[in-house]
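Let me begin by presenting the structure, written as structure tokens, before commenting on it.
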Amino acid sequence: MTQTLEGGLTAAVDRNPSHRTVLMCKPTYYTVSYRINPWMHPERPTDTALAVKQWQVLYDTYKSLGFDVELIEPIDGLPDMVYSANGGFVLDNIAYGASFTYAQRQPEGPAYMDWFRSQGFEVHAPKEVNEGEGDFLLVGDVILAGTGFRSDSDSHREVAEIFNREVITLELVNPSFYHLDTAIAVLDPSPKPGDEANIAYLPSAFSEPSLKLLEKRYPEAILVSEEDASVLGLNSYSDGKNVVIASRAKGFETQLRDRGYNPIGVDLSELLLGGGGVKCCTLELRR
Ligand code: ARG
């Protein structure tokens, strides 16, 4: 792989994939029956069978990358349960449970916590409103934490206490990018010592002070276009080399390739009707 440097020079970029374990939930009961984000239009029909088919492609893609994919049983009446990223935040074998903003999703919190318990994770029931990995992203040793639409900033303090890591609060300002994982993609989840972790993001999704913070911390970040973000291109999942993205995010795909990553496009158009993409359907389990 090569990377273009200033003055047109190129340098080898050696991207290292690392093994991942993720939790997914089959969209057996998926539909759009309420509206809690601007993507959702309950009056428009959804095709559950197609959602399952598209989700299966994502599942198979992860398996082909050598990931361990664990499954939680979907529950009838919880159509958004397919977005497993919101089920909690898991690190160091500790699962911080979710406490959802909207009543429609609240029963998912205990359902996911039961699953974590059954798998031997140390479960911390949340005191504060938070939507799990939708708003908490581990980048190297740092946890980036979103607020503005869903997770309360008090949950950022709770996360810092439980995991004893640096937590950086970022304020989201565009309702279409209501979870942090719709506005930031983590490209190098656990870089080698000495290597900088990197991210991609949509600048306009953040408040001015948060944007300044991102610019300072991640000067090498990929800045993604509105066009790519509007197909939830940033809602992607990387193992450090292979980045599973929305197949329609063509500009982002090129940017990733230029940096030595291997973008893999999948089409989750049906799940986009609920306001979610690749990353939303993926919860990383870090034991
Ligand atoms: N309909 C769901 C909601 O609005 C979509 C969740 C998307 N998940 C995510 N991690 N961004 O809550």
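Tabulated data
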quantity	calculated
Of all residues making up segment 92-126, the number that are of a type in the set (S, T, Y), free of Cβ contacts under 8 Å to residues at least 40 places away in the same chain and open to solvent by less than 30 Å² (accessible area, probe 1.4 Å)	0
Residue within segment 25-35 that is part of a helix (DSSP H, G or I) and either open to solvent by less than 10 Å² (accessible area, probe 1.4 Å) or within 15 Å of the ligand (Cβ to nearest atom) (or both) present	no
Residue check for A98: within 10 Å of the ligand (Cβ to nearest atom), within 16 Å of the chain's Cα centre (by Cα) and not β-branched (V, I, T)	no
Selected residue (criterion: nearest to T21 (Cα to Cα)) from residues of segment 242-287 that are of a type in the set (A, V, I, L, M, F, W, C) and within 12 Å of the ligand (Cβ to nearest atom)	L283
Every residue from segment 224-270 that is among the hydrophobic types (A, V, I, L, M, F, W, C) and touching a His at 6+ places or on another chain (Cβ under 9 Å)	none
Leading residue by the ranking (modelled with the lowest pLDDT) among those in segment 174-191 that are closer than 15 Å to S238 by Cβ and open to solvent by 10 Å² or more (accessible area, probe 1.4 Å)	P191
Qualifying residue in segment 156-168 (condition: among the acidic types (D, E), touching a residue at least 60 places away in the same chain (Cβ under 8 Å) and open to solvent by less than 10 Å² (accessible area, probe 1.4 Å))	no
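The values are calculated or read from the model by the stated rules, or taken from the named source; none is laboratory data. What you are looking at is a predicted structure, and each value in this text was computed from that prediction instead of being measured. Positions of Cβ are generated from backbone atoms using ideal geometry, with glycine treated the same way; all protein chains shown enter the neighbour counts. These accessible areas exclude ligands, DNA and RNA; they are computed on the full protein's heavy atoms, side chains included. Shrake-Rupley method; radii C 1.70, N 1.55, O 1.52, S 1.80 Å.
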